[in-house]
Amino acid sequence: MIKRSFILPAILISLTLWVLVSLGFWQLDRADQKRQIESTIISAQQAPAILVNDLKELLDKEHYQVLLKGSYDTHKQFIYDNQIVNATAGYYVLTPFLLNSSDSAILVNRGFVPWYNNRDKLADIKVSSVETTIKVKLIKPIQRIELKTHKLDKKFPIIIQSLNLKKLSELSTYQIIPMIAQLDVEQKNGFFRKWKPFYGSVDKHLGYATQWFLMALVLSIIAIYLLVKNRKD
């Protein structure tokens, strides 16, 4: 027979077990959701690149490779500073690409350039403004958190610390599309490009689920031990 003094600890243990198991199944559900997202993204990345002229369609093409027709504006480029590639500090060159099908522009990330310990000298980033067709992969920009307000110089090329597209639109006088176009590695007019492939977080959620279930298992063993000991006493 269970002692009255053991009832409250038993209730607390049962509630804790319920929470741990619930967290484990929640992480499994998250893993399933991320697996579906990952499958969609991988499918998009493997699709052949097609020419996109419609602006609305362009906004729906995140993770896709597409062809864009228009021209670069070599006079209004941005230097996206504080980037690390292969343990080397440098910057990305972001060049507005004016789309023939609209009055808007998209920022093309033409690749990485190291500073080589000389922040006073930029690489030659000039590019032809002749109409051309480029192959890119589209991603949604992530605005970095700035630890302190960075005053932007209005003289191009402008060094930036984050992708505040509203501010960049004001500086460039273009309506910049809320997408970043990563220039394909086989395209000319680019710098070092080794774009990171998409890595889903399915394994992370499965790992968390395993941890919660293991904790529930350990607690169950402890509970059984205490129950047996309580009955013997």
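Among the residues of segment 140-159, write down those that are at pLDDT 90 or above and among the aliphatic types (A, V, I, L, M).
I158, I159
Condition first: in contact (Cβ under 8 Å) with a residue 12 or more places away in the chain, under 27 Å from I37 (Cα atoms) and hydroxyl-bearing (S, T, Y). Now tell me which residues in segment 170-209 satisfy that.
Within segment 170-209, S201, Y208 qualify.
Table: residues versus (1) hydrophobic (A, V, I, L, M, F, W, C); (2) farther than 23 Å from K126 by Cβ; (3) within 23 Å of the chain's Cα centre (by Cα); (4) crowded, with 18+ Cβ neighbours inside 10 Å.
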{"residue": "L17", "(1), (2), (3), (4)": "yes, yes, no, no"}
{"residue": "F25", "(1), (2), (3), (4)": "yes, yes, no, no"}
{"residue": "I37", "(1), (2), (3), (4)": "yes, yes, yes, no"}
{"residue": "D54", "(1), (2), (3), (4)": "no, yes, no, no"}
{"residue": "G90", "(1), (2), (3), (4)": "no, no, yes, yes"}
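Is it the case that some residue within segment 65-86 is in contact (Cβ under 8 Å) with a residue 40 or more places away in the chain, within 30 Å of N118 (Cα to Cα), aliphatic (A, V, I, L, M) and in a strand (DSSP E or B)?
Within segment 65-86, one or more residues are in contact (Cβ under 8 Å) with a residue 40 or more places away in the chain, within 30 Å of N118 (Cα to Cα), aliphatic (A, V, I, L, M) and in a strand (DSSP E or B).
Any chance segment 104-127 includes a residue that's crowded, with 16+ Cβ neighbours inside 10 Å and modelled with pLDDT under 90? It would help to see each step written out before you state the result.
First, the residues of segment 104-127 that are crowded, with 16+ Cβ neighbours inside 10 Å: 104-115, 125, 127.
Filter once more, keeping what is modelled with pLDDT under 90: 104.
So far as segment 104-127 goes, yes, one or more of its residues are crowded, with 16+ Cβ neighbours inside 10 Å and modelled with pLDDT under 90.
Please specify each residue of segment 56-70 satisfying the condition of being surrounded by fewer than 18 Cβ atoms within 10 Å (Cβ to Cβ) and within 17 Å of D103 (Cβ to Cβ).
Result: K56, E57, L59, K69.
Could you list, in sequence order, the residues of segment 36-55 that are out of contact with any strand residue (DSSP E or B) (no Cβ under 7 Å at 6 or more places or on another chain) and modelled with pLDDT of 85 or more?
P48
The values are calculated or read from the model by the stated rules, or taken from the named source; none is laboratory data. Keep in mind that what you see is a predicted model, and the values were worked out from it rather than measured. Every residue, glycine among them, receives a Cβ derived from its backbone with ideal geometry; neighbour counts consider all protein chains shown.
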